[in-house]
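These notes concern the structure reproduced below.
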Amino acid sequence: MLKLAITFLVIGAVLALLGFGGIGGAFIGIAKILFFIAIALFVIFLVLGLLAGKGIKNAVD
């Protein structure tokens, strides 16, 4: 998802440089949304992974 956000960011920057500010701004807005979704998913899965690791460690001990 982060790769997709970077792609949208680059396309938006190129469009803005070519004079298509409206569409370029829309692409950059989509890139921002995708970036924050990717960060949120990373944090959620990090917390879940840490909790699952503690649960497995406690079950083995």
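Can you give the angle from 0 to 90° between the axis of helix 21-60 and the longest principal axis of the chain, with both taken from C-alpha atoms, to the nearest 10?
Helix 21-60 and the main axis of the chain meet at about 10 degrees.
With the full set of protein chains in place, find how many percent of the accessible area of the chain is carbon and sulfur; take the probe as 1.4 Å. Each step should come with its number before you reach the end.
On the way: 3890 of 4730 Å².
For the chain, the apolar C and S fraction of the accessible surface comes to 82 percent.
Just the accessible area per residue of segment 10-49, please: how many Å² with a 1.4 Å probe?
Numbers: 2820 Å² over 40 residues.
Roughly 70 Å² per residue, with all protein chains present.
State log₁₀ I(q)/I(0) for the chain at q = 0.14, 0.20, 0.28 Å⁻¹ as given by the Debye formula over alpha-carbon point scatterers of equal weight, solvent excluded.
-0.51, -0.72, -0.98
Once amide H atoms are built 1.01 Å from N in the peptide plane, which residues 5 or more positions from Phe20, or in another chain, come under 5 Å H to H?
It is none; the list stays empty.
Using Cα-Cα distances under 8 Å and only pairs 6 or more residues apart, what relative contact order does segment 1-59 have, in percent?
Details: 40 pairs, mean separation 19.8, N = 59.
The value is 33 percent.
Order these peptides, 13-24, 39-50, by their mean beta-carbon neighbour count within 10 angstrom, highest first.
Averaged packing, sorted descending, gives the order 13-24, 39-50.
The values are calculated or read from the model by the stated rules, or taken from the named source; none is laboratory data. All of these numbers come straight from a predicted model, not from anything done at the bench. Every residue, glycine as well, gets a Cβ built from its backbone with ideal geometry; the counts of neighbours run over all protein chains shown. For the accessible areas, the whole protein counts, side chains as well, though only heavy atoms, and no ligand, DNA or RNA atoms are used. Shrake-Rupley method; radii C 1.70, N 1.55, O 1.52, S 1.80 Å.
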